[in-house]
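What follows is a single structure, written as structure tokens, with notes after it.
The values are calculated or read from the model by the stated rules, or taken from the named source; none is laboratory data. Quantities reported herein were computed from a predicted structural model and do not represent experimental measurements. Using ideal geometry, Cβ is built from the backbone for each residue, glycine included, and neighbour counts are taken over all protein chains shown. Calculation scope for accessible area: heavy atoms of the full protein, side chains included, ligands and nucleic acids excluded. Shrake-Rupley method; radii C 1.70, N 1.55, O 1.52, S 1.80 Å.
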Amino acid sequence: SACLPPEASIQIASSASDALRLILEYDPQIILTEWETPGLNGAELCRSLRQTKAGQRIYILVLTKMFNEELLASALEAGADEYITKPIIQRVLDARIKGALRMIKLQHEALHDKEQIRQNLVDMAVLNRTLEQAALTDSLTGLPNHRYAQYRLIEEWETSLKSGNPFALMI
């Protein structure tokens with residue numbers, strides 16, 4: 001298809017087992033599959049793929065001879081993302097693939113953003129520990145400071161009240 005990026009690779013499977021082997025080998029971003037295939041129909045393929053982590057990322061286009069609402073509902077419920085009717089109209093196929101590529105790009109951006117947020121949270125946790133340490137210790141000696149003593153005094157007082165154990169403070 002003309003709308004595919006130059007680095008795209010197209011693999012063709014002749015059977016369901018061949019398709020699953022190719023999926024494992026190439027880790028595709030988009031799959032175009034017949035709804036009725038020998039050995040494994042489109043619904044079974046969609047369900048099988050959606051049960052795996054890698055299969056959840058794949059954009060699945062279902063190819064069908066006829067369109068009806070029941071078939072569309074079955075395909076979407078099984079995990080298909082989109083459908084194309086036969087005979088294939090090149091403009092429609094290109095439009096569906098462009099839509100799939102947009103969705104894939106958005107998924108990659110969302111994953112990148114999620115990873116960036118996770119890294120920022122890790123960095124903030126490290127900074128918070130550093131700041132807490134700086135707030136509770138004397139910068140010259142590294143010993144606990146007055147703020148730390150107040151914090152611990154309140155903490156021990158509350159523990160004593162909750163447990164009923166005696167509390168003593170010696171200075």
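Summary table below
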{"read-out": "Any hit, region 119-133, residues being open to solvent by less than 100 Å² (accessible area, probe 1.4 Å), without any contact (Cβ under 8 Å) to a residue 40 or more places away in the chain, touching a strand residue (DSSP E or B) at 6+ places or on another chain (Cβ under 8 Å) and assigned to a helix (DSSP H, G or I)", "value": "no"}
{"read-out": "Test: residue in region 105-124 that is within 30 Å of ASP81 (Cα to Cα) and in contact with a Lys or Arg (Cβ under 8 Å, 6 or more places away or on another chain)", "value": "yes"}
{"read-out": "Considering residues of region 82-94 that are surrounded by fewer than 14 Cβ atoms within 10 Å (Cβ to Cβ) and not β-branched (Val, Ile, Thr) only, the residue farthest from GLY42 (Cα to Cα)", "value": "ARG91"}
{"read-out": "Region 28-81, residues that are closer than 25 Å to PRO5 by Cβ and open to solvent by 80 Å² or more (accessible area, probe 1.4 Å)", "value": "GLN29, LEU32, LYS53, GLN56, ARG57"}
{"read-out": "Residues being free of Cβ contacts under 8 Å to residues at least 12 places away in the same chain and either farther than 16 Å from GLN29 by Cα or more than 11 Å from the chain's Cα centre (by Cα) (or both) - total across region 96-118", "value": "10"}
{"read-out": "Residue satisfying condition, being under 30 Å from TYR59 (Cβ atoms) and small (Gly, Ala, Ser), within set ALA149, ALA125, ALA110, ALA168", "value": "ALA110"}
